[in-house]
Amino acid sequence: MAQATFSVRMDETLKKQFDSLCAEFGMNTSTAINVFARAVVRERKIPFEIGLPPTDTLNEELLNLELAKGYADILAGRAKDADSVFRQLHQEYGI
């Protein structure tokens, strides 16, 4: 396959951050951009998110508090079942 050069101008700080994050993903910047380009062409949209877990992860106490809030919402009728949520997403956004 013939290779072509792709040149992008961006803020130097952003480039350093991008290079560093790509390294954390286990790839170089060129590979990351190729993965992105192939996915965009294949899906005909921006199709994915590559991410790392947040650095401010919940500790057990905060997780239990959040779970308790969610459970209280269910008991109070402030929650929807997954099927109705997915149906609504499909109707409104085609996904």
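The values are calculated or read from the model by the stated rules, or taken from the named source; none is laboratory data. In this text, all values refer to a predicted model and were calculated from it rather than measured experimentally. When we count neighbours, we look across all protein chains shown, and the Cβ atoms used for this are built from the backbone with ideal geometry, even at glycine. Side chains included, ligands, DNA and RNA excluded: accessible areas come from the protein's heavy atoms. Shrake-Rupley method; radii C 1.70, N 1.55, O 1.52, S 1.80 Å.
Over all Cα atoms in the chain, the spread is summed up by Rg and Dmax: 20.3, 61 Å. The listed residues Met10, Met27, once ranked by accessible area (1.4 Å probe) with the largest placed first, stand as Met10, Met27. Each residue was assigned an accessible area with a 1.4 Å probe, and for Lys15 the value is about 100 Å².
In the stretch 29-95, carbon and sulfur make up what percent of the accessible area (probe 1.4 Å)? Of all accessible area on the stretch 29-95, carbon and sulfur atoms account for 57 percent.
Taking Phe6, Phe86 and ordering them by how much accessible surface each has at a 1.4 Å probe, largest first, produces Phe6, Phe86. The angle between the Cα long axis of helix 29-43 and the main principal axis of the chain comes to about 60°, on a 0 to 90 degree scale.
Based on protein heavy atoms only, the stretch 1-63 ends up with 94 Å² per residue of surface accessible to a 1.4 Å probe. For Glu49 and Asp19, FRET efficiency with R0 = 22 Å and r from the beta-carbon atoms, rounded to 0.05? It comes to 0.70. The largest accessible area among Leu89, Leu14 belongs to the first residue in Leu14, Leu89, and the rest follow in falling order (1.4 Å probe, all chains).
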